Amino acid sequence: MKIFDNFNSMYKVLTFVFMMAYCPCYAQNSTGLGRIEFYLLKRHVPNVSRATSAIEDLFKIEPANLEDTAFIKDSELKLMTKTDTLRNPANNQLIQEEYWFTVPEAVVKRIYNLNIPLCCGRQFVIVVNGNVSYTGYFWNIVSSFGSDWITAFAYGNTIKILRKLPDYDDIPHLNDPRNEPLLIDCLKATKRYSTGN
């Protein structure tokens, strides 16, 4: 029995295989359009700029730093919403934006069960189709300590993601890691991106 009746059928199969191999946002989850996951780290990674500081700051990771399985699975990330929260009244210039993921209650309980101390956060990494999008810290919602990097709180049925804590800057940040194109493009492709304005 012949696998391919003619050259055209073989060409179609090979074209499909190559397309799947070179399009990173396809064939990753049940929607067939991309996979987004939160990972915890096997051990704490020092900050880039202040390794000895108590203030949590940017940290960089290698794939070997990630836990073996995702802490929050793609199927649990229902929607990411972005809204303008603060604009300069004089010129309507954007100052702050708010981002949050809608998730099942089980995810929020899982974050609470990390028993995050008041003094510091628990490091996480958002991974899109096997590639690091950005890093951040899960934070204790009642903590009064600050962070100079991405900070995430869990409450209700959401994970709210802040640029830093507190975020009092009065200038827009064009290089906000939360706008990382790999993540935003995948959210749009999987119809999980919303602007609440």
Only one residue in ILE116, ILE184 is among the aliphatic types (A, V, I, L, M), surrounded by fewer than 21 Cβ atoms within 10 Å (Cβ to Cβ) and free of Cβ contacts under 8 Å to residues at least 12 places away in the same chain, so which one is that? ILE184
Could you give me the residue pairs with C-beta distances under 8 Å whose first residue belongs to region 140-169 and is without any contact (Cβ under 8 Å) to a residue 60 or more places away in the chain, whose second residue is assigned to a loop (DSSP other than H, G, I, E, B) and basic (Lys, Arg) wherever it lies, and which are 6+ apart or on separate chains? ILE150/ARG163; ILE150/LYS164
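Condition test on ASP167, is it part of a loop (DSSP other than H, G, I, E, B), acidic (Asp, Glu), open to solvent by 20 Å² or more (accessible area, probe 1.4 Å) and modelled with pLDDT under 90?
yes
The values are calculated or read from the model by the stated rules, or taken from the named source; none is laboratory data. Note that the structure is a prediction, hence the values are computed from the model and not measured. In this analysis, Cβ positions are derived from the backbone assuming ideal geometry, glycine residues included, and neighbour counts consider all displayed protein chains. Each accessible area value is taken on the protein alone, full model and side chains, heavy atoms only, with ligands, DNA and RNA left out. Shrake-Rupley method; radii C 1.70, N 1.55, O 1.52, S 1.80 Å.
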